[in-house]
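Working notes for the structure below.
The values are calculated or read from the model by the stated rules, or taken from the named source; none is laboratory data. Because the structure is predicted, anything quoted here is derived from the model rather than measured. Please note: Cβ atoms are built from the backbone with ideal geometry, for glycine as well, and neighbour counts cover all protein chains shown. Each accessible area value is taken on the protein alone, full model and side chains, heavy atoms only, with ligands, DNA and RNA left out. Shrake-Rupley method; radii C 1.70, N 1.55, O 1.52, S 1.80 Å.
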Amino acid sequence: MAKFKHNDFLDTVDEVFTDAKKSGVLHLYSEDDAFTGRNIRIGNRDLYHFGTTGYLGLEQDPRLKKAAIQAIENYGTQFPLSKSYVSFVLYKSLEERLNQMYGNPIVVTKNSTLGHIGVIPCVVRDEDAVIIDHQAHWSMHNACQLLKPRGIPVELIRHNNLNMLEDKIKEMQTTKNRIWYMADGIYSMYGDCAPISDLMYLYNKYNQFHLYFDDVHGMSWIGKNGTGYVLDQLKTLPERVLLFGTLSKSFGASGAVLVCADVDMHRRIKTFGGPLTFSAQLEPASVAAAIASADIHLSDEIYRMQDELADNISYFNSLLSQTDLPLIEKNNCPVFYIGTGMPVTGYNFVNRLMNEGFFVNLGIYPGVPVKNTGVRLTISRHNRRAEMKALVEAMVHHYPKALEDTGTNENKVRRAFHLPLQEKDSPAETLPKNLTIEHQRSIWSLKKEFWNEYMGKQSVFDWDGLAFLEEVFTMNEKQEHNWAFHYFVIKDQQGDPLLITFFCVALWKDDMLAPAAVSLQLEEKRKQNPYHLTSNVTGMGCLFTEGQHCFMNQGHPLFNEGLKILLDHVEVLDVKLNTSMIVLRDFLQDNPLNEFFHNHGFLKVDMPEACVMENLKWNNQEEYLASLSARSRKHFKADIQPYEGFYEIVCKGNPAESEIDVFYELYENVRMKNLDLNTFSFPRKLFSKMSEHPQWEFIIAYLKPEYDIREQRIPIGVMFCYKNMGHTYVPSFIGMDYSYIQEYQIYRQLLYQTIKRARSLNFTKIDFGMTAAFEKRKVGATIIPKVAYVQAKDNFTLELIGGMQNKIPVSTH
């Protein structure tokens with residue numbers, strides 16, 4: 001299966017941003033000769049500005065401008081000296097005012113990103129642990145990277161999931177000193193809030209529990225002295241809570257501020273906090289503007305400004321409440337998010353609004369999950385009621401048109417955001433008259449000849465193979481051994497197929513796609529709870545198969561329409577069964593559907609390379625060797641040929657149950673060591689059914705008696721092989737005794753014996769499957785790079801997969 005690598009993340013972000021830039025909604029330049037905050041000029045158009053984070057409009061206040069200008073006149077454009085030596089003269093005045101605002105010790109930082117980099121490694125000690133909300137701002141995730149080399153565990157929890165948070169506190173409380181939880185006060189995309197009162201319940205319950213808030217989006221527009229959402233909820237700052245506010249955004253100047261009630265901790269941070277020591281100071285203009293803003297915050301004027309903004313927010317909420325627009329989070333925050341679902345719909349909607357004269361932001365991955373793309377708009381004191389009303393009217397008019405243009409509907413969007421549906425609908429209602437879709441729950445409902453014509457000759461998913469898998473993976477005791485199969489066939493009016501595929505709904509380990517190091521730690525936890533971090537997944541194909549799981553007639557004029565219909569039906573199935581993600585598997589790395597899948601809410605991830613051997617026309621070992629490269633011939637003569645004489649190879653189709661017990665044990669040896677592909681075990685029943693099935697056989701490797709000192713004759717390796725329609729030989733998986741693996745080169749020998757067996761049966765192809773591509777290449781297999789496309793309900797699972805390695809060092813201590 002797929003492994004989400006750091007490069008995958010960077011490549012995906014690059015693709016997402018490039019698509020958005022091509023669509024004219026990202027990486028734009030303003031063209032204003034002067035800026036008022038109410039309007040912004042882009043592309044030779046004057047637009048009403050609904051994208052600012054200067055919610056109070058203080059960046060345009062004459063007092064801040066005058067103070068900044070005077071500071072430049074008096075002190076120049078910068079003060080080029082480290083604060084460790086000398087602070088710029090105005091810093092003292094700013095710090096005094098901020099102390100007065102918060103009533104607690106503060107530290108001024110260049111910005112919140114550098115602030116987190118300075119503070120987090122300073123306050124989190126080696127004996128501590130960190131838990132972080134997966135939607136917390138990137139700057140905190142990034143700062144946590146610095147904890148990884150020190151061995152400090154950093155764990156993700158799903159957004160605002162307090163049960164998950166408390167479970168992790170309980171796990172850590174006996175082994176860790178402080179347990180830090182890091183979150184935003186106001187989350188910058190949806191405008192939703194941290195559950196402060198519930199977090200304080202945990203704070204009071206667990207003495208080790210510390211809170212670390214980034215409240216830059218809650219600053220100024222709420223709270224006493226404009227000190228923000230978090231402090232407005234807390235009233236006073238507890239000693240075990242650290243709070244970051246901003247001097248930018250609503251504050252109107254530049255910089256950030258840390259508030260810390262623990263005097264000793266404050267001293268340590270200020271004494272040596274990484275960038276706080278070595279980075280440049282705030283420029284004189286920024287400090288002077290911040291002082292002017294702080295004076296406003298310390299006056300009653302700030303409450304008048306807050307009230308004016310609150311009136312605008314209330315008015316805008318009232319306008320939205322009269323519409324059916326899918327507002328994701330309704331509260332009194334100045335951030336609003338209208339869901340569009342697919343990125344392509346978001347591009348369309350934003351462009352439509354810009355053409356109507358409104359600038360809004362697009363919320364895209366990685367800020368939100370790909371299928372939770374939407375329009376992020378903000379309300380400020382700059383906005384007037386007439387333009388707010390006009391914006392809502394424009395959204396009401398253009399939203400359904402954007403949906404229609406991009407082949408989606410509002411209920412699909414609502415499903416993506418788990419919002420109530422507007423009306424009952426079914427994908428069938430939108431099915432074009434010239435296409436039909438057939439959805440079956442069993443291969444027995446499809447004609448064998450039809451299925452095999454298009455989907456046979458690969459892996460174990462010819463008709464007989466799927467009938468076998470359906471029998472094995474039903475009526476089992478353990479939930480992970482019960483799979484639900486779904487078959488889809490889309491045809492045109494003439495009955496010609498456009499798409500044929502099958503999906504399997506099964507329980508996956510969330511770390512199945514993650515690095516082995518993550519799985520190793522999670523398996524320790526699963527010794528107590530076997531289902532820790534597991535989820536049901538709707539996956540193309542199944543965990544037993546690999547290959548081209550979807551027949552696609554891409555030359556058909558209705559192919560794209562058919563693919564949309566398929567995705568619609570699969571997404572409805574996903575919602576109905578409440579699975580955690582959809583995985584479309586085993587596509588060629590270079591395929592023309594990449595942009596299509598991205599625009600419909602899927603992320604591309606690399607898979608282990610597929611290995612196929614089709615050169616089976618040789619008649620003896622000499623001819624086989626001649627078909628290999630010089631390097632592979634050298635490998636064969638060094639690592640395979642000399643060991644063949646140690647073995648007695650038996651091919652058997654109906655072994656006794658006692659033999660199957662041994663095979664199962666050998667298989668489990670390999671599965672438990674293969675954390676690169678961390679799956680649940682297969683049921684014991686599978687192996688018994690194999691022995692009864694005419695298309696399964698076992699290549700069994702025994703040591704010859706003279707080399708086997710054991711009293712009982714037991715195999716040291718076995719290959720489980722499926723014979724697909726007399727065309728493809730499929731070594732599905734392997735079992736080995738690891739105590740003999742190096743001395744007798746079991747794995748390599750079984751690969752070679754598999755090739756010999758396939759040739760002797762006159763098969764024309766071997767599907768060697770995924771993983772161990774290096775070894776399979778050496779015996780003559782062709783390596784085929786493959787990708788999958790993943791649509792997750794949130795970014796948590798994707799961040800677990802490889803840790804989104806640029807964001808957070810996933811730890812599972």
Output yes when any residue across the stretch 526-538 is touching a residue at least 24 places away in the same chain (Cβ under 8 Å), within 24 Å of GLN695 (Cβ to Cβ) and either open to solvent by less than 10 Å² (accessible area, probe 1.4 Å) or not charged (D, E, K, R) (or both), and no when none is.
no
Out of curiosity, is ASN383 at pLDDT 95 or above, over 26 Å from ILE565 (Cα atoms) and surrounded by fewer than 18 Cβ atoms within 10 Å (Cβ to Cβ)?
no
Filter the stretch 511-525 down to the residues that are in a loop (DSSP other than H, G, I, E, B) and open to solvent by less than 20 Å² (accessible area, probe 1.4 Å), then identify the one that is modelled with the lowest pLDDT.
LEU513
Among (1) open to solvent by 30 Å² or more (accessible area, probe 1.4 Å); (2) in contact with a Pro (Cβ under 9 Å, 6 or more places away or on another chain) - the single one MET552 does not satisfy
(2)
Is it true that ALA67 is farther than 30 Å from TYR337 by Cβ, in contact (Cβ under 8 Å) with a residue 12 or more places away in the chain and open to solvent by less than 50 Å² (accessible area, probe 1.4 Å)?
yes
Quick check on the stretch 687-742: of everything there that is of a type in the set (D, E, K, R) and in a loop (DSSP other than H, G, I, E, B), which residue is nearest to the chain's Cα centre (by Cα)?
ASP737
Pick from the stretch 656-682 the residues that are of a type in the set (A, V, I, L, M, F, W, C) and in a helix (DSSP H, G or I): which of them is nearest to SER519 (Cα to Cα)?
LEU675
Output the number of residues of the stretch 279-302 satisfying the condition of being of a type in the set (Ser, Thr, Tyr) and within 20 Å of THR52 (Cα to Cα).
2
Return the residues of the stretch 386-397 that are surrounded by 15 or more Cβ atoms within 10 Å (Cβ to Cβ) and farther than 19 Å from LYS330 by Cα; say none if nothing qualifies.
GLU387, ALA390, ALA394
Residue hits (the stretch 104-124; touching a helix residue (DSSP H, G or I) at 6+ places or on another chain (Cβ under 7 Å) and open to solvent by less than 20 Å² (accessible area, probe 1.4 Å)) are ILE106, VAL107, VAL108, THR109, HIS116, GLY118, VAL119, ILE120, VAL123, VAL124
Where a residue in the stretch 194-207 is more than 15 Å from LYS170 (Cβ to Cβ) and its partner, wherever it lies, is of a type in the set (Gly, Ala, Ser) and buried (at least 17 other Cβ atoms within 10 Å of the Cβ), with Cβ under 6 Å and at least six apart:
ALA194/ALA183; ALA194/GLY185
Could you list, ordered by first residue, the pairs with Cβ atoms under 7 Å in which the first is in the stretch 338-353 and over 19 Å from THR18 (Cα atoms) and of a type outside the set (Lys, Arg) and the second is open to solvent by 10 Å² or more (accessible area, probe 1.4 Å) and assigned to a strand (DSSP E or B), at least 6 apart or interchain?
ILE338/LEU327
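Name the helices (runs of 4 or more DSSP H) wholly within the stretch 398-510 that hold at least 2 residues that are open to solvent by 10 Å² or more (accessible area, probe 1.4 Å) and in contact with a Ser or Thr (Cβ under 9 Å, 6 or more places away or on another chain)? Step through it out loud before you land on a result.
Values: elements: 410-416, 448-455, 463-472.
Counting at least 2 such residues, we get 463-472.
Test of understanding: among THR12, THR18, THR36, THR53, which residue is modelled with pLDDT of 90 or more, among the β-branched types (Val, Ile, Thr) and within 17 Å of GLY367 (Cβ to Cβ)? Break it down stepwise before answering.
Values: THR12 fails: modelled with pLDDT of 90 or more; THR18 fails: modelled with pLDDT of 90 or more; THR36 fails: within 17 Å of GLY367 (Cβ to Cβ).
Unique residue meeting the criteria: THR53.
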Looking only at the stretch 361-376, which residues are crowded, with 24+ Cβ neighbours inside 10 Å, hydrophobic (A, V, I, L, M, F, W, C) and under 23 Å from ARG38 (Cα atoms)?
VAL375
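Please report, ordered by residue number, the helices (runs of 4 or more DSSP H) entirely within the stretch 237-308 with at least 3 residues that are modelled with pLDDT under 95, out of contact with any strand residue (DSSP E or B) (no Cβ under 9 Å at 6 or more places or on another chain) and open to solvent by 10 Å² or more (accessible area, probe 1.4 Å).
Details: elements: 263-271, 275-278, 284-297.
Once the helices (runs of 4 or more DSSP H) in the stretch 237-308 are filtered for at least 3 residues that are modelled with pLDDT under 95, out of contact with any strand residue (DSSP E or B) (no Cβ under 9 Å at 6 or more places or on another chain) and open to solvent by 10 Å² or more (accessible area, probe 1.4 Å), what remains is 263-271.
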Taking the stretch 612-655, which residues are more than 23 Å from GLN742 (Cβ to Cβ), open to solvent by less than 50 Å² (accessible area, probe 1.4 Å) and assigned to a helix (DSSP H, G or I)?
TYR624, LEU625
Go through the stretch 155-182 and count every residue that is touching a His at 6+ places or on another chain (Cβ under 6 Å), crowded, with 19+ Cβ neighbours inside 10 Å and more than 23 Å from ALA792 (Cα to Cα).
1
Output the residues belonging to the stretch 743-773 that are closer than 16 Å to ASN615 by Cβ, touching a residue at least 40 places away in the same chain (Cβ under 8 Å) and not in a helix (DSSP H, G or I).
PHE763, THR764, LYS765, ILE766, ASP767, PHE768
Yes or no: TYR315 assigned to a helix (DSSP H, G or I), farther than 29 Å from GLU96 by Cβ and open to solvent by 10 Å² or more (accessible area, probe 1.4 Å)?
yes
Is one or more of the residues making up the stretch 562-570 modelled with pLDDT under 95, among the charged types (D, E, K, R) and more than 30 Å from GLN494 (Cβ to Cβ)?
no
Here is a list of conditions, (1) open to solvent by 50 Å² or more (accessible area, probe 1.4 Å); (2) over 29 Å from ILE766 (Cβ atoms), and PHE559 meets all of them except one; can you say which number that is?
(1)
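Restricting the search to the stretch 379-396, which residues are assigned to a helix (DSSP H, G or I) and among the aliphatic types (A, V, I, L, M)?
So in the stretch 379-396, the residues assigned to a helix (DSSP H, G or I) come out as 385-396.
Within the stretch 379-396, ALA386, MET388, ALA390, LEU391, VAL392, ALA394, MET395, VAL396 meet the criteria.
For the stretch 762-772, does any single residue satisfy the condition of being touching a Lys or Arg at 6+ places or on another chain (Cβ under 6 Å) and open to solvent by less than 40 Å² (accessible area, probe 1.4 Å)?
Just the residues of the stretch 762-772 that are touching a Lys or Arg at 6+ places or on another chain (Cβ under 6 Å), to begin with: 768.
Now narrow it down to the ones that are open to solvent by less than 40 Å² (accessible area, probe 1.4 Å): 768.
Yes: one or more hits.
Please find, among LYS786, LYS776, the residue that is of a type in the set (Lys, Arg), part of a helix (DSSP H, G or I) and either touching a helix residue (DSSP H, G or I) at 6+ places or on another chain (Cβ under 7 Å) or modelled with pLDDT under 95 (or both). It would help to see each step written out before you state the result.
Working: LYS786 fails: part of a helix (DSSP H, G or I).
Unique residue meeting the criteria: LYS776.
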Among the residues listed as GLY339, GLY346, the single one being part of a helix (DSSP H, G or I) and either open to solvent by less than 10 Å² (accessible area, probe 1.4 Å) or at positive phi (or both)
GLY346
